[in-house]
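Down below is the structure, laid out as structure tokens.
The values are calculated or read from the model by the stated rules, or taken from the named source; none is laboratory data. In this text the structure is predicted, and so the values were computed from the model without any measurement. Here the Cβ positions follow ideal geometry from the backbone for every residue, glycine too, while neighbour counts run over all protein chains shown.
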Amino acid sequence: MARIEGSVCFVTGAAGGIGAGMVDGLLRRGAAKIYAADRAFVGGVRPSGWSEAVDCLNLDIADYRAVGEVSETASDVNFLFNIAGVNLRSTFLAENALETARSEMEINYFGTLAVCRAFAPHLVANAKSRPSAIVNMLSILSKVTLPNLGTYCASKAALLRMSEGLRAELADRSVAVIAVMPWAVDTAISRAFSGPKSTTAEVAERTLDGIEQGLDEVYLHEFSDEVNRRLREDPKGLERELSARFRSAP
Ligand SMILES: NC(=O)c1ccc[n+]([C@@H]2O[C@H](COP(=O)([O-])OP(=O)(O)OC[C@H]3O[C@@H](n4cnc5c(N)ncnc54)[C@H](OP(=O)(O)O)[C@@H]3O)[C@@H](O)[C@H]2O)c1
């Protein structure tokens with residue numbers, strides 16, 4: 001069974017809500033070493049409350065060269081958490097939608113792909129002695145479209161296809177690929193949403209349970225479960241319902 005205790009982890013987006021919550025969760029479960037990476041970390045200063053097990057690194061995942069370099073200094077990683085992401089809250093026909101869609105794809109899809117590609121050889125090598133996994137923070141919006149966040153949903157849908165493809169490519173090399181599917185979580189990204197939200201601690205605990213239980217996908221919040229059920233039973237009805245409920249621009 002995969003155990004978080006004693007593991008070496010790399011977390012992107014670690015200065016923000018879910019990423020910072022994941023670092024807290026990893027510390028609670030006894031991870032031996034955590035590389036916490038974010039474009040907001042400058043000068044390697046560790047936020048208060050994190051122990052010396054945490055090494056803070058400045059990293060923009062859209063800078064492929066920096067991603068390659070950092071993967072060489074963190075070659076001992078066995079769990080990779082891809083959490084960095086942006087939601088620029090755009091419809092497809094909004095004035096700057098091409099720019100917005102490209103920025104979201106650049107970070108949520110291409111940036112994450114660059115990190116996966118850079119770390120994959122190390123994860124494969126380390127899987128010979130320890131359980132290894134890539135954990136991608138998606139969203140239930142990787143499976144459905146909220147029209148008021150259309151460009152974001154498209155970037156997460158691309159990330160879902162990538163996670164499935166990587167899972168197949170790594171299947172015979174003992175590296176698991178886990179897709180995490182929250183609904184709204186209480187962080188800066190979802191400030192504009194007033195409905196019920198998961199906490200970052202819930203996301204961390206359920207994700208880490210999912211790794212230890214060997215799951216491929218982790219669903220968070222009853223709305224994510226409901227979407228999944230409706231996709232099996234009545235996908236067009238669900239599309240019409242979400243279209244009517246989330247049509248207006250943010
Ligand atoms: N909150 C939700 O409701 C929700 C629901 C489902 C899925 N998610 C996903 O969860 C992930 C984390 O979101 P969050 O809610 O924790 O948002 P957040 O509080 O904004 O945290 C995201 C962190 O990622 C960093 N980041 C963004 N682009 C980056 C880049 N190119 N390189 C390195 N770091 C970068 C951000 O830095 P800056 O502050 O500089 O941008 C921020 O520190 C995202 O992938 C998001 O799509 C969130």
Looking at (1) within 20 Å of M22 (Cα to Cα); (2) within 14 Å of the ligand (Cβ to nearest atom); (3) hydroxyl-bearing (S, T, Y), which one does T151 not meet, given that it meets all the others?
(1)
Can you tell me which condition E226 does not meet? The list is (1) within 12 Å of the ligand (Cβ to nearest atom); (2) at negative phi; (3) not hydroxyl-bearing (S, T, Y), and all the others hold.
(1)
Being surrounded by 14 or more Cβ atoms within 10 Å (Cβ to Cβ), over 19 Å from the mean Cα position of the chain (by Cα) and part of a loop (DSSP other than H, G, I, E, B) is true for just one of S51, S90. Which residue is that?
S90
All but one of (1) within 20 Å of R191 (Cβ to Cβ); (2) among the charged types (D, E, K, R); (3) in a loop (DSSP other than H, G, I, E, B) hold for E104, so report the exception by its number.
(3)
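Could you list all residues from the range 111-127 that are crowded, with 17+ Cβ neighbours inside 10 Å and part of a helix (DSSP H, G or I)?
G111, T112, L113, A114, V115, C116, A118, F119, A120, H122, L123, N126, listed by residue number.
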A94 versus (1) of a type in the set (G, A, S); (2) within 15 Å of the ligand (Cβ to nearest atom); (3) under 19 Å from A157 (Cβ atoms): which is the lone unmet condition?
(2)
Among the residues of the range 77-85, is there at least one that is out of contact with any Leu (no Cβ under 9 Å at 6 or more places or on another chain), surrounded by fewer than 21 Cβ atoms within 10 Å (Cβ to Cβ) and not hydroxyl-bearing (S, T, Y)?
no
Considering only the range 142-160, how many residues are under 20 Å from G210 (Cβ atoms) and assigned to a helix (DSSP H, G or I)?
4
Within the range 93-104, the residues that are surrounded by fewer than 19 Cβ atoms within 10 Å (Cβ to Cβ) and touching a residue at least 12 places away in the same chain (Cβ under 8 Å) are A94, A97, S103
Would the range 9-30 turn up any residue that is out of contact with any strand residue (DSSP E or B) (no Cβ under 6 Å at 6 or more places or on another chain), modelled with pLDDT under 95 and crowded, with 18+ Cβ neighbours inside 10 Å?
yes
The range 190-207, subset among the hydrophobic types (A, V, I, L, M, F, W, C) and not in a loop (DSSP other than H, G, I, E, B), residue nearest to the ligand (Cβ to nearest atom)
V203
When residues of the range 192-247 are limited to those that are of a type in the set (V, I, T) and buried (at least 16 other Cβ atoms within 10 Å of the Cβ), the one farthest from I18 (Cα to Cα)
V227
One residue is enough: does the range 70-90 have a residue meeting the conditions away from the ligand (no atom under 16 Å from the Cβ), aromatic (F, W, Y) and either in contact with a helix residue (DSSP H, G or I) (Cβ under 8 Å, 6 or more places away or on another chain) or touching a residue at least 24 places away in the same chain (Cβ under 8 Å) (or both)?
yes
Which residues, counting only those in the range 172-191, are surrounded by 17 or more Cβ atoms within 10 Å (Cβ to Cβ) and either within 19 Å of E212 (Cα to Cα) or not hydrophobic (A, V, I, L, M, F, W, C) (or both)?
V175, A176, V177, I178, A179, V180, M181, P182, D186, T187, S190
